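Contents: one structure, followed by commentary.
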Amino acid sequence: MSLRRFTLSLLVLAAASSSWAADCPALLQGSLPELRGKEQIDLCERFAGKPLVVVNTASYCGFAPQFEGLESTYKAYHEKGLEMLGVPSNDFKQEDADSEKTAKVCYANYGVTFTMTKAQAVRGKDAVPLFVELARQSSAPKWNFYKYVIDRQGKVIANFSSLTKPDDPAFQAAIEKAIASQP
């Protein structure tokens with residue numbers, strides 16, 4: 001009798017797990033290492049059903065002052081459900097190999113409070129799955145501080161070049177559209 005209950009419990013757990021994976025959009029499958037600490041950010045757990053901005057960053061890029069505008073945008077829209085994910089990358093040769101130095105730039109220099117990861121590949125054959133899917137749905141980042149606005153279903157609704165500042169009306173409108181989207 002106890003073996004039957006154990007087997008039934010395993011079947012229920014397996015069904016729930018596969019249901020969870022099926023409910024998680026392709027864009028959010030997987031995890032990335034957090035910038036501070038040793039934990040992994042489960043993308044589905046953290047961001048599923050939420051409007052999201054993903055931006056590839058670089059500490060030594062001329063666009064790094066955009067961290068301030070991104071943080072302001074995050075603070076302005078976070079109460080409405082917006083999440084933001086910064087993904088440092090050295091794909092354009094402007095990120096430090098030392099995560100502590102990257103963290104100092106983000107947190108101490110620019111006061112970032114949104115989620116940041118350790119440096120990741122965002123282009124080409126080595127790109128992490130998140131950026132493979134972003135490229136599939138729109139395009140690969142052409143430079144640092146390329147911005148993606150994602151709706152509650154995990155679909156890219158707009159992407160913006162590095163030249164687009166966080167206070168740009170088109171960027172803000174895309175964020176509002178993502179916030180208004182249905183899960």
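The values are calculated or read from the model by the stated rules, or taken from the named source; none is laboratory data. What you are looking at is a predicted structure, and each value in this text was computed from that prediction instead of being measured. Ideal geometry is used to build each Cβ from the backbone, glycine not excepted, and the neighbour counts take in all protein chains shown. For the accessible areas, the whole protein counts, side chains as well, though only heavy atoms, and no ligand, DNA or RNA atoms are used. Shrake-Rupley method; radii C 1.70, N 1.55, O 1.52, S 1.80 Å.
Counting only DSSP beta bridges with both residues in the chain, tell me the antiparallel percent, nearest 5.
Bridges in the chain that DSSP calls antiparallel: roughly 60 percent.
Treating the angle as unsigned and between 0 and 90°, give the value, to the nearest 10°, between the Cα long axis of helix 169-180 and the longest Cα principal axis of the chain.
For 169-180 against the chain, the angle is about 20 degrees.
With a 1.4 Å probe and all protein chains kept in place, how much accessible area does Phe63 have, in Å² rounded to the nearest 10?
Taking all protein chains as shown, Phe63 has close to 60 Å².
How many Å² of accessible area per residue for the chain, probe 1.4 Å?
In whole numbers, the chain has 52 Å² accessible per residue.
Using a 1.4 angstrom probe and counting only protein chains, how large is the accessible area of Arg36 in Å², to 10?
Taking all protein chains as shown, Arg36 has close to 140 Å².
What per residue convex hull volume, in Å³, do the alpha-carbon atoms of the chain yield?
It is 134 Å³ per residue.
Could you check which residue among Pro88, Pro166, Pro33 shows the biggest mean-square fluctuation in a GNM of the chain with a 10 Å Cα cutoff?
Pro33
Which of the residue pairs Lys118/Lys155; Lys38/Lys118; Lys50/Lys93 have a Cα-Cα distance greater than 21 Å in the structure shown?
Table pairs above 21 Å Cα-Cα are Lys118/Lys155; Lys50/Lys93.
Note down the relative contact order for the range 77-135 as a percent, whole number, built from C-alpha pairs under 8 angstrom at least six residues apart.
Normalised by residue count, the contact order of the range 77-135 is 37 percent.
Note down the accessible area of Lys155, probe 1.4 Å, to the nearest 10 Å².
Accessible area, nearest 10 Å²: 110 Å².
How do Tyr148, Tyr60 stack up against each other in accessible area, from largest to smallest, with a 1.4 angstrom probe?
Values: Tyr148 0, Tyr60 125 Å².
Order by accessible area, largest first: Tyr60, Tyr148.
Under the Kirkwood approximation for Rh and a Cα-based Rg, what ratio Rg/Rh is obtained for the range 87-166? The partial results should precede the final answer.
On the way: Rg = 13.0 Å, Rh = 13.5 Å.
Taking Rh as the inverse mean 1/r over Cα pairs, Rg/Rh reads 0.96.
Helix 2-23 against the longest principal axis of the chain: what's the angle in degrees, Cα atoms only, rounded to the nearest 10?
The angle comes out near 30 degrees.
By the 4.7 Å beta carbon criterion, which cysteine residues of the chain come out unpaired?
Cys61, Cys106
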